[in-house]
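Peer 1: Dumping the structure here so I can ask a few things about it.
The values are calculated or read from the model by the stated rules, or taken from the named source; none is laboratory data. All values derive from a computational prediction rather than experimental measurement. Neighbour counts are summed over all protein chains in view; Cβ atoms, including those assigned to glycine, are modelled from backbone coordinates with ideal geometry.
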């Protein structure tokens with residue numbers, strides 16, 4: 001008979017071991033899945049997890065790791081604060097889109113002004129756009145008690161429609177021969193978010209992600225805000241006695257995650273993506289949720305998890321072109337990873353006891 | 001814009017069809033939430049149901065068997081959620097999200113060879129006599145069987161929850177799982193059954209999209225319908241009959257914006273297609289008053 005016994009304190013050892021175990025478990029289950037699809041599981045797993053780093057063409061893939069990882073880390077760091085405090089912003093994808101739209105609109109409005117301040121204005125506008133979009137569910141929750149999960153998610157679909165409207169309407173390139181999509185921002189020197197060191201993939205978004213990780217680490221470990229977030233998550237009643245104002249916490253957590261998601265969108269649209277197109281978003285906002293949990297809602301963990309998730313994107317791309325693996329298999333693998341983590345996480349909070357069934 | 005192009009009878013008639021997938025998914029989720037479990041994976045179960053129902057229907061040529069397959073597919077996926085949250089005691093919000101992400105990937109993978117195929121026909125029934133009544137006949141009595149099936153399920157759930165012993169136990173488990181456990185009810189077993197029922201209903205709702213409403217398989221075809229179903233459960237205040245009202249209200253908005261698109265409204269299509277989601281937010285703001293089941297979303301761990 002198996003019995004679970006709640007640990008008085010979450011196990012430190014298991015909280016580090018669980019993500020590693022989850023990744024290994026995912027490789028096993030994923031391998032079984034790929035085998036069922038008629039692939040050689042060992043080859044596929046190697047292609048996804050190792051080839052981007054160590055293969056012959058790794059010099060080409062390594063910069064991609066930064067490009068794909070930066071938005072994931074940036075968004076996930078923002079989400080982690082809210083998730084710790086029980087504030088569920090699921091609509092980061094929408095905030096990412098709106099941040100990119102607002103930021104790009106500022107850049108396009110100033111075209112062809114030649115000044116580096118254009119980019120600065122875009123960064124501010126991008127963060128503002130994401131913040132404002134996240135404020136909608138935040139304010140609705142504070143004022144009307146509306147569920148922020150559902151509202152923030154509904155706003156993703158609204159943002160996607162808005163993106164399509166903008167790419168086909170106001171932000172369309174006037175010299176684009178009627179093709180949908182905006183001017184290419186990465187070819188507009190004032191606004192471009194290019195590699196700081198050519199060929200490394202190190203753009204301003206990567207810098208911003210690293211700064212966010214450091215700030216989040218300090219805030220969580222040393223600042224009153226981090227303390228309040230942790231308190232609100234672990235003991236909501238105690239938090240109220242300690243003077244944590246729930247409404248303010250909701251607004252700050254939502255705003256912070258929205259602003260960071262907006263920044264991620266702006267850096268993407270001004271750099272790797274280059275232009276506002278109907279389908280420029282690729283679901284970073286949703287994958288970042290997995291990254292946040294896989295990283296144990298801790299900044300350093302998120303950094304590692306973001307790297308790993310970026311790896312699966314790139315490796316998945318390689319597997320798609322070299323082995324003919326369907327694109328959906330990768331998103332399935334990412335979902336599987338989150339499942340495995342949630343399952344293994346039980347060991348952090350509970351002790352498994354094998355007991356003899358007592359005869360009455 | 002030519003408003004006269006919109007036929008009010010056809011509009012009202014298609015309202016019931018547009019509302020059915022949401023209604024099916026929402027009634028399942030209502031039972032799950034009344035049992036005290038918050039399953040945010042409705043979208044994932046719906047789309048898995050959509051694809052598995054489509055595959056089965058195409059393979060057998062029989063949409064009825066397709067619906068059965070969809071219910072089985074949705075229920076199977078929901079059991080993953082059930083095992084994780086009930087036996088491995090994982091966080092319900094996170095697990096539900098994982099279920100949605102996983103379901104979207106799984107369905108895309110399963111549906112690969114089925115793009116561009118048409119589903120076998122699912123003919124409408126003409127309810128004898130009633131269907132011939134002018135105006136009301138075409139609006140209410142000339143639909144496919146699943147429209148009425150959805151309403152029957154709602155009636156069944158209402159009867160089960162409020163007029164049966166098992167329903168009372170389910171509600172007790174949802175209101176206070178510790179007390180229910182102390183009384184000797186099987187909290188986990190009740191919840192697992194509720195979760196499986198919710199999954200089956202979400203699967204049916206998804207299959208209604210892929211077999212009747214569209215009727216084709218495309219990736220991501222549910223487009224947030226599962227989330228809207230979750231919102232409608234809140235709107236309904238966890239009461240089965242108000243769920244019907246919510247689903248039809250939503251169906252009305254959807255159908256109206258589609259008709260406005262077809263009538264060539266001056267507003268671009270992209271803005272019109274936002275309206276169902278904006279309407280859902282509005283509804284959530286206005287109707288945030290209902291009382292949720294007492295143990296909703298809380299993890300149950302029996303110390304003894």
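Peer 1: Report yes if some residue within the range B:252-267 is modelled with pLDDT under 80 and on the phi > 0 side of the Ramachandran plot; otherwise report no.
Peer 2: yes
Peer 1: Next up: Give, as residue ranges, the helices (runs of 4 or more DSSP H) completely inside the range A:245-354 that count at least 3 residues that are at pLDDT below 85, surrounded by 21 or more Cβ atoms within 10 Å (Cβ to Cβ) and within 14 Å of another protein chain (Cβ to nearest Cβ).
Peer 2: A:327-344
Peer 1: Quick check on this structure: which one of B:228, B:232, B:286 is within 13 Å of chain A (Cβ to nearest Cβ), out of contact with any helix residue (DSSP H, G or I) (no Cβ under 8 Å at 6 or more places or on another chain) and at pLDDT below 90? Spell out the reasoning first.
Peer 2: Values: B:228 fails: out of contact with any helix residue (DSSP H, G or I) (no Cβ under 8 Å at 6 or more places or on another chain); B:232 fails: out of contact with any helix residue (DSSP H, G or I) (no Cβ under 8 Å at 6 or more places or on another chain).
Within the list B:228, B:232, B:286, the selection yields B:286.
Peer 1: In the list B:149, B:174, B:111, B:156, which residue meets the criterion of being surrounded by 13 or more Cβ atoms within 10 Å (Cβ to Cβ), within 20 Å of residue B:23 (Cα to Cα) and at pLDDT 75 or above? Outline the logic, then answer.
Peer 2: Values: B:174 fails: within 20 Å of residue B:23 (Cα to Cα); B:111 fails: within 20 Å of residue B:23 (Cα to Cα); B:156 fails: surrounded by 13 or more Cβ atoms within 10 Å (Cβ to Cβ).
Residue meeting the stated conditions: B:149.
Peer 1: Considering only the range B:91-116, how many residues are without any contact (Cβ under 8 Å) to a residue 24 or more places away in the chain and within 7 Å of chain A (Cβ to nearest Cβ)? Break it down into steps so the answer makes sense when it comes.
Peer 2: To start, the set of residues in the range B:91-116 that are without any contact (Cβ under 8 Å) to a residue 24 or more places away in the chain comprises B:94, B:105, B:109, B:112-113.
From the residues that got through so far, the ones that are within 7 Å of chain A (Cβ to nearest Cβ) too are B:94, B:105, B:109, B:112.
The qualifying residues number 4.
Peer 1: Further question on the same structure: How many residues are over 18 Å from residue B:11 (Cβ atoms), modelled with pLDDT of 70 or more and under 26 Å from the mean Cα position of the chain (by Cα) if we restrict to the range B:126-146?
Peer 2: Number of matching residues: 2.
Peer 1: On to the next question. Which condition breaks for residue A:186 when tested against (1) over 30 Å from residue A:252 (Cβ atoms); (2) within 11 Å of chain B (Cβ to nearest Cβ); (3) assigned to a helix (DSSP H, G or I)?
Peer 2: (2)
Peer 1: Evaluate the following for residue B:217: is it on the phi > 0 side of the Ramachandran plot and more than 9 Å from every other protein chain (Cβ to nearest Cβ)?
Peer 2: no
Peer 1: Here are some residues: A:276, A:282. Which one is without any contact (Cβ under 8 Å) to a residue 24 or more places away in the chain and closer than 18 Å to residue A:71 by Cβ?
Peer 2: Numbers: A:276 fails: without any contact (Cβ under 8 Å) to a residue 24 or more places away in the chain.
Unique residue meeting the criteria: A:282.
Peer 1: Can you spot a residue in the range A:150-163 that is in contact with a helix residue (DSSP H, G or I) (Cβ under 8 Å, 6 or more places away or on another chain), within 14 Å of residue A:273 (Cβ to Cβ), within 14 Å of chain B (Cβ to nearest Cβ) and buried (at least 23 other Cβ atoms within 10 Å of the Cβ)? Step through it out loud before you land on a result.
Peer 2: Pass one, the range A:150-163, residues in contact with a helix residue (DSSP H, G or I) (Cβ under 8 Å, 6 or more places away or on another chain): A:150-163.
Next, from what is left, pick out any that are within 14 Å of residue A:273 (Cβ to Cβ): A:163.
Remaining after also requiring within 14 Å of chain B (Cβ to nearest Cβ): A:163.
Filter once more, so that each one left must be buried (at least 23 other Cβ atoms within 10 Å of the Cβ): A:163.
Yes, the range A:150-163 has at least one match.
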